[in-house]
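The values are calculated or read from the model by the stated rules, or taken from the named source; none is laboratory data. Keep in mind that this is a model prediction, so the values were computed, not measured. Ideal geometry is used to build each Cβ from the backbone, glycine not excepted, and the neighbour counts take in all protein chains shown. Just the protein is used for accessible areas: all its heavy atoms, side chains included, with ligands, DNA and RNA removed. Shrake-Rupley method; radii C 1.70, N 1.55, O 1.52, S 1.80 Å.
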Amino acid sequence: MDVNRSNLLGDLAVDVAFDAPIGAMTWFGIGGRATMLVKPQTEDALVTLMQRCHQSGMTVRVLGGGANLLVDDSGIDGVVIRLDHETFTRLRFNRQGPVDRVRVMGGTDLFKLVNETARHGLDGVGQLAGIPGTLGGALRMNAGGAYGDTGQVVDSVSMVALNGERLDLSRDQLQFDYRYSNLPNGIVLSAVLGLEPGDPVAIRSKVREIFAYKSASQPMADNSAGCAFRNPTVNGERVPAGRLIDEAGLKGFTIGGATVSDRHANFISTTPQATARDVMNVMAEIQARVQDHHGIALQPEVVTWSDDPGVGTP
Ligand SMILES: Cc1cc2nc3c(=O)[nH]c(=O)nc-3n(C[C@H](O)[C@H](O)[C@H](O)COP(=O)(O)OP(=O)(O)OC[C@H]3O[C@@H](n4cnc5c(N)ncnc54)[C@H](O)[C@@H]3O)c2cc1C
(Lines give C-alpha, C1' and ligand atoms only; values in the text may rest on other atoms or scores of the structure.)
Protein backbone atom coordinates (compact mmCIF):
# COMPACT_ATOMS: atom_id res chain seq x y z
CA MET A 1 0.00 0.00 0.00
CA ASP A 2 1.60 3.21 -1.15
CA VAL A 3 0.03 6.10 0.76
CA ASN A 4 1.19 9.15 2.61
CA ARG A 5 0.41 8.04 6.14
CA SER A 6 0.48 11.54 7.63
CA ASN A 7 -2.00 12.76 4.97
CA LEU A 8 -4.26 9.89 5.90
CA LEU A 9 -4.04 9.96 9.69
CA GLY A 10 -2.06 13.07 10.69
CA ASP A 11 -4.70 15.21 12.43
CA LEU A 12 -7.18 12.49 13.32
CA ALA A 13 -8.12 11.24 16.80
CA VAL A 14 -7.05 7.65 16.15
CA ASP A 15 -4.71 5.02 17.55
CA VAL A 16 -2.74 3.27 14.86
CA ALA A 17 -0.52 0.20 14.57
CA PHE A 18 1.45 -0.66 11.44
CA ASP A 19 2.07 -4.23 10.32
CA ALA A 20 -0.57 -5.26 12.86
CA PRO A 21 -1.01 -8.96 13.77
CA ILE A 22 -4.73 -9.11 13.10
CA GLY A 23 -4.81 -12.90 12.55
CA ALA A 24 -3.81 -13.36 16.18
CA MET A 25 -6.78 -11.18 17.20
CA THR A 26 -9.33 -13.57 15.70
CA TRP A 27 -10.93 -16.47 17.56
CA PHE A 28 -8.97 -18.89 15.35
CA GLY A 29 -5.87 -17.12 16.69
CA ILE A 30 -3.98 -17.68 13.44
CA GLY A 31 -3.25 -15.87 10.17
CA GLY A 32 -1.25 -12.88 9.01
CA ARG A 33 -0.94 -9.16 9.49
CA ALA A 34 -2.53 -6.01 8.08
CA THR A 35 -0.67 -2.99 6.74
CA MET A 36 -2.47 -0.74 9.20
CA LEU A 37 -4.85 -1.24 12.14
CA VAL A 38 -6.66 1.99 13.01
CA LYS A 39 -8.83 2.53 16.08
CA PRO A 40 -10.80 5.76 15.87
CA GLN A 41 -11.58 7.57 19.11
CA THR A 42 -14.54 9.58 17.81
CA GLU A 43 -17.29 9.22 15.22
CA ASP A 44 -15.92 12.25 13.35
CA ALA A 45 -12.48 10.65 13.13
CA LEU A 46 -14.05 7.47 11.75
CA VAL A 47 -16.05 9.36 9.12
CA THR A 48 -13.05 11.44 7.99
CA LEU A 49 -10.83 8.36 7.88
CA MET A 50 -13.36 6.56 5.68
CA GLN A 51 -13.59 9.58 3.35
CA ARG A 52 -9.81 9.80 3.03
CA CYS A 53 -9.41 6.07 2.42
CA HIS A 54 -12.12 6.28 -0.25
CA GLN A 55 -10.42 9.25 -1.94
CA SER A 56 -7.05 7.46 -1.95
CA GLY A 57 -8.57 4.22 -3.24
CA MET A 58 -7.50 2.22 -0.21
CA THR A 59 -9.18 -1.01 0.83
CA VAL A 60 -10.92 -0.70 4.19
CA ARG A 61 -12.13 -3.61 6.29
CA VAL A 62 -13.68 -3.65 9.74
CA LEU A 63 -12.65 -6.12 12.41
CA GLY A 64 -15.22 -6.84 15.11
CA GLY A 65 -14.53 -9.51 17.71
CA GLY A 66 -12.89 -11.71 15.05
CA ALA A 67 -15.26 -14.57 15.92
CA ASN A 68 -16.33 -15.30 12.35
CA LEU A 69 -13.09 -14.51 10.58
CA LEU A 70 -10.12 -16.22 8.96
CA VAL A 71 -7.14 -14.08 7.90
CA ASP A 72 -4.87 -15.56 5.23
CA ASP A 73 -1.32 -16.42 6.33
CA SER A 74 0.25 -13.81 4.04
CA GLY A 75 -1.86 -11.07 5.63
CA ILE A 76 -3.70 -8.29 3.85
CA ASP A 77 -2.83 -4.98 2.30
CA GLY A 78 -5.00 -2.08 3.44
CA VAL A 79 -6.60 -0.44 6.43
CA VAL A 80 -8.36 -2.47 9.10
CA ILE A 81 -10.60 -0.46 11.40
CA ARG A 82 -11.53 -1.66 14.86
CA LEU A 83 -14.20 0.01 16.98
CA ASP A 84 -12.93 -0.84 20.44
CA HIS A 85 -12.60 2.69 21.84
CA GLU A 86 -15.27 3.32 24.49
CA THR A 87 -17.06 5.68 22.07
CA PHE A 88 -18.05 2.59 20.09
CA THR A 89 -18.67 0.04 22.84
CA ARG A 90 -21.48 1.69 24.83
CA LEU A 91 -25.15 1.03 25.37
CA ARG A 92 -27.35 4.09 25.84
CA PHE A 93 -30.44 3.40 27.91
CA ASN A 94 -33.26 5.95 27.79
CA ARG A 95 -33.84 7.59 31.17
CA GLN A 96 -36.74 9.56 29.73
CA GLY A 97 -38.87 8.49 26.80
CA PRO A 98 -39.34 4.85 25.78
CA VAL A 99 -37.18 2.79 28.16
CA ASP A 100 -37.44 -0.22 25.86
CA ARG A 101 -35.46 1.48 23.07
CA VAL A 102 -31.71 1.07 23.58
CA ARG A 103 -29.00 2.52 21.32
CA VAL A 104 -26.11 0.08 21.13
CA MET A 105 -22.80 1.03 19.51
CA GLY A 106 -21.42 -1.24 16.78
CA GLY A 107 -18.30 -2.29 18.69
CA THR A 108 -20.25 -3.44 21.75
CA ASP A 109 -19.38 -6.96 22.86
CA LEU A 110 -22.39 -9.30 22.63
CA PHE A 111 -21.69 -10.70 26.11
CA LYS A 112 -21.93 -7.16 27.50
CA LEU A 113 -25.10 -6.48 25.48
CA VAL A 114 -26.83 -9.60 26.83
CA ASN A 115 -25.79 -8.96 30.43
CA GLU A 116 -26.38 -5.19 30.62
CA THR A 117 -29.84 -5.39 29.09
CA ALA A 118 -30.80 -8.23 31.47
CA ARG A 119 -29.52 -6.16 34.40
CA HIS A 120 -31.78 -3.30 33.26
CA GLY A 121 -34.77 -5.67 33.08
CA LEU A 122 -34.99 -5.61 29.29
CA ASP A 123 -35.70 -8.80 27.38
CA GLY A 124 -35.03 -9.52 23.69
CA VAL A 125 -31.35 -10.36 23.12
CA GLY A 126 -31.07 -13.53 25.24
CA GLN A 127 -30.92 -15.52 21.97
CA LEU A 128 -27.39 -14.12 21.54
CA ALA A 129 -26.13 -15.62 24.83
CA GLY A 130 -22.87 -17.44 24.25
CA ILE A 131 -22.30 -16.00 20.76
CA PRO A 132 -18.95 -14.20 20.75
CA GLY A 133 -18.34 -10.99 18.82
CA THR A 134 -19.68 -7.47 18.52
CA LEU A 135 -23.04 -6.04 17.59
CA GLY A 136 -21.66 -4.83 14.21
CA GLY A 137 -20.46 -8.32 13.27
CA ALA A 138 -23.70 -9.89 14.52
CA LEU A 139 -25.79 -7.51 12.40
CA ARG A 140 -23.65 -8.02 9.31
CA MET A 141 -24.51 -11.74 9.19
CA ASN A 142 -27.60 -11.75 11.43
CA ALA A 143 -26.01 -13.99 14.02
CA GLY A 144 -28.30 -16.26 15.96
CA GLY A 145 -29.35 -19.83 16.52
CA ALA A 146 -32.11 -22.06 17.81
CA TYR A 147 -33.59 -19.31 20.02
CA GLY A 148 -33.68 -16.47 17.48
CA ASP A 149 -31.38 -13.99 15.77
CA THR A 150 -30.05 -10.44 15.96
CA GLY A 151 -32.29 -8.87 13.33
CA GLN A 152 -35.52 -9.65 15.14
CA VAL A 153 -35.04 -6.81 17.66
CA VAL A 154 -33.55 -4.15 15.38
CA ASP A 155 -35.48 -0.88 14.96
CA SER A 156 -32.86 1.05 12.99
CA VAL A 157 -29.17 0.95 12.06
CA SER A 158 -26.70 3.83 11.62
CA MET A 159 -23.75 3.18 9.37
CA VAL A 160 -20.80 4.87 7.70
CA ALA A 161 -20.66 3.82 4.05
CA LEU A 162 -17.33 3.04 2.39
CA ASN A 163 -17.24 6.56 0.90
CA GLY A 164 -17.64 8.10 4.36
CA GLU A 165 -21.31 8.99 3.92
CA ARG A 166 -23.52 8.47 6.97
CA LEU A 167 -26.54 6.24 6.47
CA ASP A 168 -29.56 5.84 8.72
CA LEU A 169 -31.61 2.78 7.89
CA SER A 170 -35.07 2.34 9.37
CA ARG A 171 -36.75 -0.99 10.07
CA ASP A 172 -38.69 -0.96 6.80
CA GLN A 173 -35.43 -0.62 4.83
CA LEU A 174 -33.80 -3.56 6.61
CA GLN A 175 -34.06 -7.23 5.73
CA PHE A 176 -32.79 -10.07 7.86
CA ASP A 177 -32.93 -13.75 7.12
CA TYR A 178 -30.99 -16.86 8.09
CA ARG A 179 -27.37 -15.60 8.47
CA TYR A 180 -28.20 -12.76 6.06
CA SER A 181 -28.72 -9.01 6.23
CA ASN A 182 -29.13 -6.49 3.42
CA LEU A 183 -26.80 -3.99 5.14
CA PRO A 184 -24.73 -2.14 2.53
CA ASN A 185 -20.94 -2.36 2.65
CA GLY A 186 -19.53 -0.11 5.33
CA ILE A 187 -19.32 0.09 9.10
CA VAL A 188 -22.17 -0.34 11.56
CA LEU A 189 -21.89 2.59 13.95
CA SER A 190 -24.88 1.78 16.12
CA ALA A 191 -28.35 0.27 16.17
CA VAL A 192 -31.50 0.98 18.10
CA LEU A 193 -32.91 -2.23 19.56
CA GLY A 194 -36.54 -2.60 20.61
CA LEU A 195 -36.66 -4.65 23.81
CA GLU A 196 -39.39 -5.73 26.25
CA PRO A 197 -39.40 -4.64 29.88
CA GLY A 198 -39.46 -7.69 32.16
CA ASP A 199 -38.23 -9.22 35.40
CA PRO A 200 -34.39 -9.19 35.53
CA VAL A 201 -34.31 -12.49 37.43
CA ALA A 202 -36.48 -14.26 34.84
CA ILE A 203 -34.49 -12.72 31.96
CA ARG A 204 -31.19 -13.84 33.52
CA SER A 205 -32.48 -17.34 34.04
CA LYS A 206 -33.52 -17.55 30.36
CA VAL A 207 -30.05 -16.32 29.35
CA ARG A 208 -28.45 -19.03 31.51
CA GLU A 209 -30.67 -21.69 29.93
CA ILE A 210 -29.70 -20.61 26.39
CA PHE A 211 -26.03 -20.48 27.35
CA ALA A 212 -26.23 -23.98 28.85
CA TYR A 213 -27.91 -25.32 25.68
CA LYS A 214 -25.13 -23.84 23.56
CA SER A 215 -22.22 -25.02 25.69
CA ALA A 216 -23.68 -28.54 25.81
CA SER A 217 -23.67 -28.85 22.03
CA GLN A 218 -20.66 -26.79 20.86
CA PRO A 219 -16.90 -26.78 21.60
CA MET A 220 -17.05 -23.23 22.98
CA ALA A 221 -13.56 -23.30 24.50
CA ASP A 222 -11.79 -24.31 21.28
CA ASN A 223 -10.16 -21.86 18.90
CA SER A 224 -12.67 -21.72 16.04
CA ALA A 225 -15.00 -19.36 14.19
CA GLY A 226 -18.19 -21.14 15.22
CA CYS A 227 -19.95 -22.83 12.32
CA ALA A 228 -17.71 -22.99 9.27
CA PHE A 229 -20.59 -23.54 6.82
CA ARG A 230 -24.14 -22.29 6.43
CA ASN A 231 -26.94 -24.81 6.89
CA PRO A 232 -28.09 -25.56 3.32
CA THR A 233 -31.73 -25.63 2.20
CA VAL A 234 -32.66 -29.08 0.88
CA ASN A 235 -36.16 -29.65 -0.54
CA GLY A 236 -37.32 -26.39 1.08
CA GLU A 237 -35.93 -27.21 4.55
CA ARG A 238 -32.78 -26.09 6.37
CA VAL A 239 -30.54 -29.04 7.11
CA PRO A 240 -27.75 -28.78 9.71
CA ALA A 241 -24.41 -28.69 7.87
CA GLY A 242 -22.84 -30.35 10.94
CA ARG A 243 -25.01 -33.45 10.43
CA LEU A 244 -24.05 -33.68 6.75
CA ILE A 245 -20.34 -33.34 7.60
CA ASP A 246 -20.67 -35.98 10.34
CA GLU A 247 -22.48 -38.37 7.97
CA ALA A 248 -19.67 -37.88 5.44
CA GLY A 249 -17.36 -39.38 8.11
CA LEU A 250 -15.34 -36.24 8.74
CA LYS A 251 -15.38 -35.82 12.53
CA GLY A 252 -11.75 -35.69 13.64
CA PHE A 253 -10.48 -35.10 10.08
CA THR A 254 -7.25 -33.10 10.38
CA ILE A 255 -4.89 -31.21 8.12
CA GLY A 256 -1.89 -29.66 9.89
CA GLY A 257 -3.29 -27.87 12.94
CA ALA A 258 -6.94 -27.70 11.82
CA THR A 259 -9.42 -30.40 12.85
CA VAL A 260 -13.14 -31.06 12.33
CA SER A 261 -14.46 -31.01 15.90
CA ASP A 262 -15.59 -34.31 17.43
CA ARG A 263 -18.27 -32.43 19.37
CA HIS A 264 -19.83 -30.48 16.50
CA ALA A 265 -18.76 -31.35 12.97
CA ASN A 266 -19.44 -27.84 11.63
CA PHE A 267 -16.75 -26.40 13.93
CA ILE A 268 -13.12 -26.43 12.77
CA SER A 269 -10.77 -26.16 15.74
CA THR A 270 -7.22 -24.90 15.42
CA THR A 271 -4.01 -25.33 17.39
CA PRO A 272 -1.61 -22.37 17.77
CA GLN A 273 0.61 -24.03 15.12
CA ALA A 274 -2.20 -24.17 12.55
CA THR A 275 -2.08 -22.04 9.43
CA ALA A 276 -5.00 -20.34 7.73
CA ARG A 277 -4.29 -22.57 4.73
CA ASP A 278 -4.80 -25.66 6.96
CA VAL A 279 -8.31 -24.33 7.72
CA MET A 280 -8.99 -23.54 4.06
CA ASN A 281 -7.79 -27.02 3.04
CA VAL A 282 -10.02 -28.69 5.66
CA MET A 283 -12.95 -26.62 4.40
CA ALA A 284 -12.23 -27.59 0.78
CA GLU A 285 -12.09 -31.29 1.73
CA ILE A 286 -15.38 -30.98 3.65
CA GLN A 287 -17.04 -29.39 0.62
CA ALA A 288 -15.72 -32.10 -1.72
CA ARG A 289 -16.75 -35.00 0.53
CA VAL A 290 -20.21 -33.60 1.37
CA GLN A 291 -20.74 -33.05 -2.35
CA ASP A 292 -19.72 -36.68 -3.04
CA HIS A 293 -21.70 -38.16 -0.16
CA HIS A 294 -24.89 -36.07 -0.28
CA GLY A 295 -24.74 -34.17 -3.60
CA ILE A 296 -24.97 -30.89 -1.63
CA ALA A 297 -22.69 -27.87 -2.11
CA LEU A 298 -21.89 -26.30 1.26
CA GLN A 299 -21.35 -22.53 1.38
CA PRO A 300 -18.91 -21.00 3.90
CA GLU A 301 -20.28 -18.99 6.80
CA VAL A 302 -16.80 -17.94 7.91
CA VAL A 303 -15.52 -14.73 6.30
CA THR A 304 -12.02 -15.04 4.81
CA TRP A 305 -9.74 -12.04 4.32
CA SER A 306 -7.06 -12.58 1.70
CA ASP A 307 -5.29 -10.65 -1.03
CA ASP A 308 -5.39 -13.80 -3.13
CA PRO A 309 -8.27 -13.08 -5.52
CA GLY A 310 -9.21 -16.77 -5.64
CA VAL A 311 -9.73 -16.97 -1.89
CA GLY A 312 -11.14 -14.03 0.01
CA THR A 313 -14.63 -12.84 0.86
CA PRO A 314 -15.12 -9.08 1.33
C1 LIG B 1 -17.29 -20.40 19.85
C2 LIG B 1 -18.12 -19.69 18.81
C3 LIG B 1 -19.48 -19.86 18.77
C4 LIG B 1 -20.26 -19.20 17.81
N5 LIG B 1 -21.61 -19.40 17.80
C6 LIG B 1 -22.38 -18.74 16.90
C7 LIG B 1 -23.79 -18.91 16.90
O8 LIG B 1 -24.37 -19.62 17.71
N9 LIG B 1 -24.51 -18.23 15.96
C10 LIG B 1 -23.90 -17.40 15.04
O11 LIG B 1 -24.63 -16.80 14.23
N12 LIG B 1 -22.57 -17.23 15.03
C13 LIG B 1 -21.79 -17.87 15.94
N14 LIG B 1 -20.44 -17.71 15.91
C15 LIG B 1 -19.82 -16.80 14.93
C16 LIG B 1 -19.65 -15.36 15.45
O17 LIG B 1 -19.76 -15.32 16.84
C18 LIG B 1 -20.69 -14.43 14.85
O19 LIG B 1 -20.64 -14.48 13.44
C20 LIG B 1 -20.48 -12.98 15.27
O21 LIG B 1 -21.56 -12.23 14.85
C22 LIG B 1 -19.19 -12.39 14.70
O23 LIG B 1 -19.08 -11.06 15.16
P24 LIG B 1 -17.65 -10.36 15.19
O25 LIG B 1 -17.82 -9.00 15.77
O26 LIG B 1 -16.67 -11.23 15.87
O27 LIG B 1 -17.33 -10.24 13.64
P28 LIG B 1 -15.90 -10.50 12.94
O29 LIG B 1 -15.59 -11.94 12.97
O30 LIG B 1 -14.89 -9.56 13.45
O31 LIG B 1 -16.27 -10.09 11.43
C32 LIG B 1 -17.20 -10.84 10.69
C33 LIG B 1 -17.74 -9.96 9.55
O34 LIG B 1 -18.50 -8.89 10.12
C35 LIG B 1 -17.97 -7.65 9.67
N36 LIG B 1 -18.08 -6.66 10.75
C37 LIG B 1 -17.56 -6.72 12.01
N38 LIG B 1 -17.88 -5.59 12.69
C39 LIG B 1 -18.59 -4.81 11.84
C40 LIG B 1 -19.18 -3.51 11.93
N41 LIG B 1 -19.10 -2.74 13.03
N42 LIG B 1 -19.83 -3.03 10.84
C43 LIG B 1 -19.94 -3.75 9.69
N44 LIG B 1 -19.40 -4.97 9.54
C45 LIG B 1 -18.73 -5.50 10.61
C46 LIG B 1 -16.49 -7.94 9.35
O47 LIG B 1 -15.96 -6.97 8.46
C48 LIG B 1 -16.62 -9.31 8.73
O49 LIG B 1 -17.06 -9.21 7.38
C50 LIG B 1 -19.64 -18.35 16.87
C51 LIG B 1 -18.25 -18.17 16.91
C52 LIG B 1 -17.50 -18.83 17.86
C53 LIG B 1 -16.00 -18.60 17.90
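For the reader, a short list of remarks on this structure follows.
- Toward the positive end of the charge dipole of the chain, with +1 on the Cβ of Lys and Arg and -1 on the Cβ of Asp and Glu, the farthest Cα among THR233, VAL290, PRO309 is that of THR233.
- Near VAL153, once Lys and Arg are set to +1 and Asp and Glu to -1 for all other residues with Cβ below 11 Å from its Cβ, the sum equals -3.
- Set of region 108-152 residues, backbone N closer than 16 Å to the point 7 Å along the Cα-Cβ line of ASN182: 140-142, 151-152
- Calculated translational diffusion coefficient of the chain (4 °C, 1.567 mPa s; Stokes-Einstein with Kirkwood radius over alpha-carbon pairs) equals 64 µm²/s.
- For the set LYS112/LYS251; LYS112/LYS214; LYS39/LYS206, the pairs lying more than 24 angstrom apart at their alpha carbons are LYS112/LYS251; LYS39/LYS206.
- Area projected by the alpha carbon convex hull of region 5-86, averaged over all directions, nm²: 5.1
- Gain in span if fully extended, GLU247 to ASP155, counting 0.36 nm per residue against the direct Cα distance: 29.1 nm
- In summary, region 215-288 shows an alpha-carbon radius of gyration equal to 1.06 times the 2.2 N^0.38 Å reference for compact globular proteins.
- Long-range tail of P(r) for region 4-158 (Cα pairs > 18 Å, %): 61
- Mean Cα-pair separation over length for the chain, i.e. relative contact order, pairs under 8 Å, 6 or more apart, %: 17
- Just checking the listed ones, GLY133, GLY145, GLY65: in the Gaussian network model of the chain with Cα springs under 10 Å, the one fluctuating most is GLY145.
- Overall form of region 166-291 per C-alpha gyration tensor (a/c, 1.5; a/b vs b/c): prolate
- Percent carbon-and-sulfur accessible area, the chain, ignoring ligands, DNA and RNA, probe 1.4 Å: 47
- Between SER170 and GLN51, the FRET efficiency estimated from the beta carbon spacing at R0 = 30 angstrom works out to 0.80.
- Calculated FRET efficiency for the pair ARG263/GLU237, C-beta based, R₀ 22 Å, to 0.05: 0.35
- Here region 35-126 is treated as a Stokes sphere of Kirkwood radius computed over C-alpha pairs; at 10 °C and 1.306 mPa s its diffusion coefficient rounds to 104 µm²/s.
- Solvent-accessible surface of region 89-217, averaged per residue with a 1.4 angstrom probe and all protein chains in place: 46 square angstrom.
- Total charge dipole magnitude, the chain, about the Cα centre, Cβ charges on Lys, Arg, Asp, Glu only, Debye to nearest 20: 580
- If only the Cβ of Lys and Arg carry +1 and only the Cβ of Asp and Glu carry -1, the dipole of region 5-86 around its Cα centre is close to 120 debye.
- Derived scalar couplings ³J(HN,Hα) [region 156-166; Karplus, 6.51 cos²θ - 1.76 cosθ + 1.60; whole Hz; x for Gly, Pro]: 7, 9, 9, 9, 10, 6, 4, 8, x, 6, 8
- Among SER190, SER170, SER224, the residue with the largest mean-square fluctuation in a Gaussian network model of the chain, with springs joining Cα atoms closer than 10 Å, is SER170.
- With Cα atoms defining each centre, region 35-76 and region 110-144 are spaced 23 Å apart in the structure.
- Part-to-part distance (alpha-carbon centres) for region 173-192 and region 151-165, which is given in Å: 6
- Efficiency of FRET between ASP77 and PHE111 - r from beta-carbon atoms, R0 25 angstrom, step 0.05: 0.20
- Shape call, region 89-217: gyration tensor on alpha carbons, a/c limit 1.5: oblate
- When +1 charges are put on Lys and Arg Cβ atoms and -1 charges on Asp and Glu Cβ atoms, the dipole computed for region 233-305 relative to its Cα centre reaches about 80 debye.
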